[in-house]
There are 2 protein chains.
Amino acid sequence: MAEREVDRSISQTVKAQLALRDQILSGSLRPGERISELQAVETTGASRTPVRMALVRLEEEGLLEGIPSGGFMVKAFSERDISDSIELRGTLEGLAARFAAERGVSARELEPLKECLGAIDELLRQVPISVDAFSSYVTLNARFHAVLTELSRSPPLIRQIDRASALPFASPSGFVMAQSALPEAQQILIIGQEHHRVVIDAIENREGARAEAIMREHARLAVRNLRLALRNRTHLDLLPALALIKTATD
Amino acid sequence: MAEREVDRSISQTVKAQLALRDQILSGSLRPGERISELQAVETTGASRTPVRMALVRLEEEGLLEGIPSGGFMVKAFSERDISDSIELRGTLEGLAARFAAERGVSARELEPLKECLGAIDELLRQVPISVDAFSSYVTLNARFHAVLTELSRSPPLIRQIDRASALPFASPSGFVMAQSALPEAQQILIIGQEHHRVVIDAIENREGARAEAIMREHARLAVRNLRLALRNRTHLDLLPALALIKTATD
DNA sequence: TGTATTCGTTATGTATACAATAGCGGGGAG
DNA sequence: CTCCCCGCTATTGTATACATAACGAATACA
């Protein structure tokens, strides 16, 4: 009992899944590269069975791809894959916003959303925005999107949105990070915040179509800016997940 | 070597996954019921490791739910879950149609779609439609939706649509089957076919918004009719997947 | 010298053994 | 008679052993 040190608070499968996902997203594992189970066993500390379960989950998540002859490889994404994923999530979030608006949301339920809005307003007051403030923004923005998604009260939809967010840069924090290096970053943040304001207003007034439209526009903005940011890669080489994007233009 | 008869043409994992999915969808396993691994091993013929991989995949598919204390249970769906799933898929297919329209599709690529259209036209000519013809319709309709999805040329989107179709009644064939018992079945099929015709026209003329709108309307029609069909359950008790729907109104 | 075939090694798919936990039933006490 | 506690059993999570298939290298033959 002194020899084996096992953390019983978390399953080996989850541990392996987290570790491997981190390795993929951090670029330790190159896209197209075959993942060695044995190597994964060594780096994660779990044994083969939990590692395999983690690999299956990561494949379903979309980060890995099964190889016909056996095993898994890290998936590579084209720039279009990324922008499609963002638009996809925007469409889904639009549906969520519409559901929230049509089905009605109490003032109390809307409160967390307004809190995020106010907190971000506070952050955006400083020009230019500090690094710390930007970090807070990323958190608050992610929270805003998560809460909005929940307001749809539709488990299948929430589930799909979560899935769509699993791809690199497709999560609310993911693409904001990518845009941080742009000179127009602050303006983008301000516009995005305006979108947030409008969607709350639309939900409050039960304007489903308007709520949906603004969320889709929100995603369009993100797509446009991500494209822009990817043009000057020099500014954001620090982002590890960038390694997952195929450089060759299709 | 003579003793053990193993089919090498298909992996045990896939075999177990297919068998278990069939058991779930056919109602052999009741929703809320904990799935016994041992029992699954017996019914599928695979050993525990492949069975567990299959269970993980089915959980990711949305048919199973992990139990915190361990193991999996069959998920139960509310009527709203189902209709939301259909609308969800409709939204996704709308996006696919828009992508196809905006990005352009050659006449050659549109051919399979038109073939389905023509074949279905042929089927719908007979009144009332025969059981055989209806069965053909289900196949052709599924093919139409699959081809349309492919025309988006967006792997992430295609993937998501496939995922959304995994839930009971959310697939193109699934909800059509459910509606078959309705007296208005033939009219519904005719209207649906008109939708198909319009989406092809919209894609040909590169009218993205119109293509998207009609696919969403298509889903709305499906939702409405599924609701209707579920009202008179007596007509369609033959559908096994029905067991997965919670009877209690939320 | 190039190509093809064979052998060996390695990694994956599968099966099973082991360990730990959660649920359940029985027994005892209040 | 009821409630609580203890122990047992059954099932899951984990580890590992075994078999098989694929990939690579080396050698032999053309």
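The values are calculated or read from the model by the stated rules, or taken from the named source; none is laboratory data. Quick caveat, the model's predicted, so the values are computed rather than measured. Cβ sites come from the backbone with ideal geometry, for glycine too, and all protein chains shown count toward neighbours. The area values use the complete protein model at the heavy-atom level, side chains included, leaving out ligands, DNA and RNA. Shrake-Rupley method; radii C 1.70, N 1.55, O 1.52, S 1.80 Å.
Of all residues in segment B:40-67, those that are assigned to a helix (DSSP H, G or I) and either open to solvent by 60 Å² or more (accessible area, probe 1.4 Å) or within 16 Å of DNA strand C (Cβ to nearest atom) (or both) total 16. Of the residues B:89, B:103, the single one that is basic (Lys, Arg), on the phi < 0 side of the Ramachandran plot and open to solvent by less than 10 Å² (accessible area, probe 1.4 Å) is B:89. The requirement of being in a helix (DSSP H, G or I) and closer than 17 Å to residue B:211 by Cβ is fulfilled nowhere in segment B:125-134; no residue meets it.
Residues A:192, A:174: which one is within 14 Å of chain B (Cβ to nearest Cβ), out of contact with any helix residue (DSSP H, G or I) (no Cβ under 6 Å at 6 or more places or on another chain) and outside any loop (DSSP other than H, G, I, E, B)?
Just one listed residue meets the conditions, A:174.
Every condition in (1) of a type in the set (Gly, Ala, Ser); (2) away from every other protein chain (no Cβ under 14 Å); (3) open to solvent by 20 Å² or more (accessible area, probe 1.4 Å) holds for residue B:70 except the one numbered (2).
Would you check if there is a residue in segment A:196-210 being at pLDDT 95 or above and within 14 Å of another protein chain (Cβ to nearest Cβ)? Yes; the residues of segment A:196-210 include at least one that is at pLDDT 95 or above and within 14 Å of another protein chain (Cβ to nearest Cβ).
All conditions but one from (1) free of Cβ contacts under 8 Å to residues at least 12 places away in the same chain; (2) more than 10 Å from every other protein chain (Cβ to nearest Cβ); (3) within 11 Å of DNA strand D (Cβ to nearest atom); (4) in contact with a helix residue (DSSP H, G or I) (Cβ under 9 Å, 6 or more places away or on another chain) apply to residue B:48; the one that does not is (2). In segment A:147-160, the residues that are more than 9 Å from every other protein chain (Cβ to nearest Cβ) form no Cβ pair under 6 Å with any partner that is among the basic types (Lys, Arg) and open to solvent by 10 Å² or more (accessible area, probe 1.4 Å), whether six or more places apart or across chains. Of the residues making up segment B:32-39, not a single one is assigned to a loop (DSSP other than H, G, I, E, B), within 24 Å of residue B:164 (Cβ to Cβ), hydroxyl-bearing (Ser, Thr, Tyr) and open to solvent by 20 Å² or more (accessible area, probe 1.4 Å). Keeping to segment B:52-79, report how many residues are in contact with a strand residue (DSSP E or B) (Cβ under 8 Å, 6 or more places away or on another chain), within 17 Å of residue B:38 (Cα to Cα) and within 12 Å of DNA strand D (Cβ to nearest atom). Adding up the residues that qualify gives 7. Just so you know, in segment A:189-204 the residues that are touching a residue at least 12 places away in the same chain (Cβ under 8 Å) and open to solvent by 30 Å² or more (accessible area, probe 1.4 Å) include one that is nearest to residue A:109 (Cα to Cα), and it is A:204. Kindly establish whether residue A:153 is open to solvent by 10 Å² or more (accessible area, probe 1.4 Å), in contact with a Lys or Arg (Cβ under 7 Å, 6 or more places away or on another chain), in a helix (DSSP H, G or I) and within 28 Å of residue B:75 (Cα to Cα). Taking the combined requirement at face value, the residue does not satisfy it.
For segment B:114-135, state whether one or more residues are within 16 Å of DNA strand C (Cβ to nearest atom) and exposed (fewer than 15 other Cβ atoms within 10 Å of the Cβ). No, segment B:114-135 has no match at all. Test residue A:8 against the stated conditions and say whether it is open to solvent by 30 Å² or more (accessible area, probe 1.4 Å), outside any strand (DSSP E or B) and at pLDDT 95 or above. Spelling it out, it is not the case that residue A:8 is open to solvent by 30 Å² or more (accessible area, probe 1.4 Å), outside any strand (DSSP E or B) and at pLDDT 95 or above.
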